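Let me begin by presenting the structure, written as structure tokens, before commenting on it.
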Amino acid sequence: MKVLVTGIGLVSALGGSLEGSWQNLLAGKSGIRLRQPFLELTPLPLGLIGQQPAELTMLTELVVTSALQDAGLVPPLADCAVIIGSSRSYQASLEAIARVRASSLENWLNILPHMNAIAAARQISASGIVLAPMAACATGIWSIAQAALLIKTGECQQAIAGAVEAPITPLTLAGFQQMGALAKTGAYPFDLHREGLVLGEGAAVFVLESAELAKQRQAKVYGEILGFGLTNDAYHSNSPEPEGKSAIAAIEQCLERSCLSITDIDYIHAHGTATQLNDRMESMVIQRLFPQGVPISSTKGSSGHTLGASGALGVAFSLMALKDQILPPCVGLQQPEFDLDFVRAARVSKIRQVLCLGFGFGGQNAAIALTR
């Protein structure tokens, strides 16, 4: 059974909507600025949506409403599955509780990790399947893959799926800083002089439907979810397995399930965190699997690294690339370290099939294939 994308809601540091973010990305703009949202921490480059850190529930309500409007749907949607993940979830709320100790514990149930997905289900009056995946930076692709699988197996005909992240909190920043993973001036994916990741806020959710339902509704279609691959390194908490074996396995699984060969892929939306280890491993994997060469870019130099939402944003930008037949640029890349076909500026190209990659802490690997 074909699974089609009929609606997209997106907000990022690049813009408050899908179209706004996409146009700014194509123009090579970046939403990353030097910020100091917490006076106890030094200023850092961050991808903030507003002047202050965003709130998780607000972002979720916004993108769910946008996705439904885009798809021409109006609640209640009782039979619509809800699969919305996050890697940090209510981290900001938990830190606030810790700061004031027990005085606000009466609301602690509302900030359990899965309650954001529950809130989205209430928003659209959905009483069916609700899932809240957490797979570090692979969360967004994992959420979309789970929704596609539910539709392919006939569990539902329609799903809202994606990921939301509001990760700008004192503990998150301090933790990444302690690891030495944060950049000091900006995000430069795959660059010889890359400094590390830049944290960003963002959310992207999608309306997924069976081809039968989409046809019945005469819905507009962004593209089709062909297949996916999900693996784990079983190696280390924050370092990828050096040979990329499980990452390769995830891509091979994805291609096999999608009935595609390596020569069928016209563009790869890379994870591209601008960290030393990720970019090196990912480049090696792509060179090994795609020796013929394929256009590649990471959009984290524009949006920042939105952690669990990064794969969902990548899928949204990949679907826009399919729709407009334009490859988005790898903003921030000045001097490539690796011999790959990096998209340095927006490039008009014939695009039929796209591969979107996501790699997360704990060795989580995700790949998803899309087509027009």
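The values are calculated or read from the model by the stated rules, or taken from the named source; none is laboratory data. Because the structure is predicted, anything quoted here is derived from the model rather than measured. Methodologically, a virtual Cβ is constructed for each residue, glycine included, from the backbone with ideal geometry; neighbour enumeration extends over all protein chains shown.
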Of all residues making up region 178-195, the number that are touching a residue at least 40 places away in the same chain (Cβ under 8 Å), under 30 Å from residue 97 (Cα atoms) and not charged (D, E, K, R) | 4
Taking region 1-30 and keeping residues over 30 Å from residue 154 (Cα atoms) and of a type outside the set (A, V, I, L, M, F, W, C) leaves 12, 15, 16, 17, 19, 20, 21, 23, 24, 28, 29, 30
Would you say residue 137 is crowded, with 17+ Cβ neighbours inside 10 Å, at pLDDT 95 or above, within 27 Å of residue 219 (Cα to Cα) and touching a Gly at 6+ places or on another chain (Cβ under 8 Å)?
-> no
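Residue-by-condition table, conditions (1) under 23 Å from residue 143 (Cα atoms); (2) without any contact (Cβ under 8 Å) to a residue 40 or more places away in the chain; (3) in contact with a Leu (Cβ under 8 Å, 6 or more places away or on another chain):
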residue	(1), (2), (3)
226	yes, no, yes
231	yes, no, no
250	yes, no, yes
261	no, yes, yes
272	yes, no, no
279	no, no, no
287	no, no, yes
Taking interchain pairs and intrachain pairs at least six residues apart, which have beta carbon atoms under 6 angstrom, with the first residue in region 142-155 and over 11 Å from residue 4 (Cα atoms) and the second assigned to a loop (DSSP other than H, G, I, E, B) and not β-branched (Val, Ile, Thr)?
-> 142/133; 143/133; 150/156
Of the residues that make up region 274-282, is at least one surrounded by 16 or more Cβ atoms within 10 Å (Cβ to Cβ), closer than 19 Å to residue 366 by Cβ, aliphatic (A, V, I, L, M) and touching a Cys at 6+ places or on another chain (Cβ under 8 Å)?
-> no
Number of positions in region 158-212 that are part of a strand (DSSP E or B) and touching a Pro at 6+ places or on another chain (Cβ under 9 Å) = 5
Would you be able to say whether some residue in region 288-297 is surrounded by fewer than 24 Cβ atoms within 10 Å (Cβ to Cβ), closer than 23 Å to residue 239 by Cα and among the polar types (S, T, N, Q)?
-> no
Within the bounds of region 80-91, is there any residue that is of a type outside the set (Gly, Ala, Ser), surrounded by fewer than 21 Cβ atoms within 10 Å (Cβ to Cβ) and touching an Asp or Glu at 6+ places or on another chain (Cβ under 8 Å)?
-> no
Check residue 167 against each of (1) closer than 28 Å to residue 36 by Cα; (2) assigned by TED's automatic domain parsing to the domain that holds residue 41; (3) out of contact with any Ser or Thr (no Cβ under 8 Å at 6 or more places or on another chain) and name the one condition it does not meet.
-> (3)
